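Scroll down for the structure; my scribbles are underneath it.
The values are calculated or read from the model by the stated rules, or taken from the named source; none is laboratory data. Just so it is clear, the model here is predicted, and its values are computed rather than measured. Here the Cβ positions follow ideal geometry from the backbone for every residue, glycine too, while neighbour counts run over all protein chains shown. Areas reflect the complete protein model, heavy atoms only, side chains present, ligands, DNA and RNA absent. Shrake-Rupley method; radii C 1.70, N 1.55, O 1.52, S 1.80 Å.
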Amino acid sequence: MGLETIASRDNPRIKEYCKLCTGKQARRKLGKFVLEGSRLCRESLDSGVLVEYAFASGDWIEENSGMIEMLKERSIPIFQISDPLERRIAETSGPQGIYFTCFLMLPLEKEALARKKRILCLYDIQDPGNLGTLIRSADAFGFEAVVLSSGCCDLFSPKVLRSTMGSVFHLPYYIASDMLRFEQEMAAHGMTSAAAVVDHADLQAGYCNLPEIHLLYIGNEGNGLPENFAQACRYRITLPMKGKAESLNAAMAAGILMWEIMK
């Protein structure tokens, strides 16, 4: 197809791609992130993400003429990469053939959050797999936005993006530098919040009719939500446990709570 071929790891675009794969600071400084695999790359195109350029293996190019034409129609440069180079840049165990460098999606304006009906708020979630699963679940259960504390792991890290399975492109996000102040501001707009807790709860999911909840707060995997923050929320909600486990994984607990709130 007459595409320019890149075989050297010293190519400036390849070097930048590798930096964006591994470095949160590089992603922030350059205002870019990377994607790997047909599903995520296609989802990004369908969602209007701004793609700077694409790398693709020879085999992938031969098997995906439709997507190649889509990239050409949008004037997105495509570079064919050699097999050894693909193995170098691939983050997954099995190279997937297509790789994008994209411009970061802008966060939602805070004022727009006050018009949302259901928002998932994540407090210092550290595990990329958990963060991605939480976003995917929020998308599945009809939540309209996700708010992350500044202590959460990077939303645009490759592992988080893969774990979202494309849902990151469907939900607008907001980064709250001060979660307590954010909660106070949302309360002033008349939005009702619930903090997920292990004990001392006002609401037991599955055992009562839940009030309307606009903001669901999920805490850190090991420490949960700080006590003073949970007390600042309108409600404290828990999942009754019958077995001997002290608590559930944050992503699993959030999924159950979101389903209950959606009902």
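Of the residues E86, E185, E73, the one that moves most in a GNM of the chain with alpha-carbon contacts below 10 Å is E73. Scanning residues 5 or more positions from Y53 or on other chains, those with amide H under 5 Å from its amide H are T101, with H placed 1.01 Å from N in the peptide plane.
With the convex hull of the Cα atoms taken as the outline of region 85-202, the averaged projected area works out to 9.0 nm².
Computed extension length for S150-E69: 25.2 nm, one decimal, from 0.36 nm per residue of separation with the Cα-Cα distance subtracted. Each Lys and Arg Cβ is given +1 and each Asp and Glu Cβ -1; about its Cα centre, region 17-71 then shows a dipole of about 680 debye. The string of couplings for region 68-85 from the Karplus curve (6.51, -1.76, 1.60, θ = phi - 60°) is 4, 5, 4, 5, 5, 4, 8, 6, 8, x, 10, 10, 7, 10, 6, 4, x, 5 Hz, one whole number per residue in order, with x for Gly and Pro. Here's the picture: charge each Lys and Arg Cβ at +1 and each Asp and Glu Cβ at -1 in the chain, and of A176, P12, G132 the one pushed furthest to the positive end of that dipole is A176. Measuring nothing but alpha carbons in the chain and taking Rh as the Kirkwood radius, the Rg to Rh ratio lands at 1.04. Summing Cβ point charges (Lys, Arg +1; Asp, Glu -1) relative to the Cα centre of region 1-139 gives a dipole of roughly 760 debye. Of S149, S177, the order by accessible heavy-atom surface (1.4 Å probe, DNA, RNA and ligands excluded), from most exposed downward, is S177, S149. Of the two radii for region 147-198, the radius of gyration is 1.04 times the Kirkwood radius, both from the alpha carbons; that is the Rg over Rh value. With the biggest extent put first, the Cα atoms of region 1-103 measure 35, 31, 24 Å across the principal axes. Taking every lysine pair in the chain that is 8 or more places apart or spans two chains, those with Cα atoms closer than 23 Å amount to 17. Between I6 and Q80, I81, S82, the built amide H atoms are under 5 Å apart, and every one of these is 5 or more places off in sequence or on another chain.
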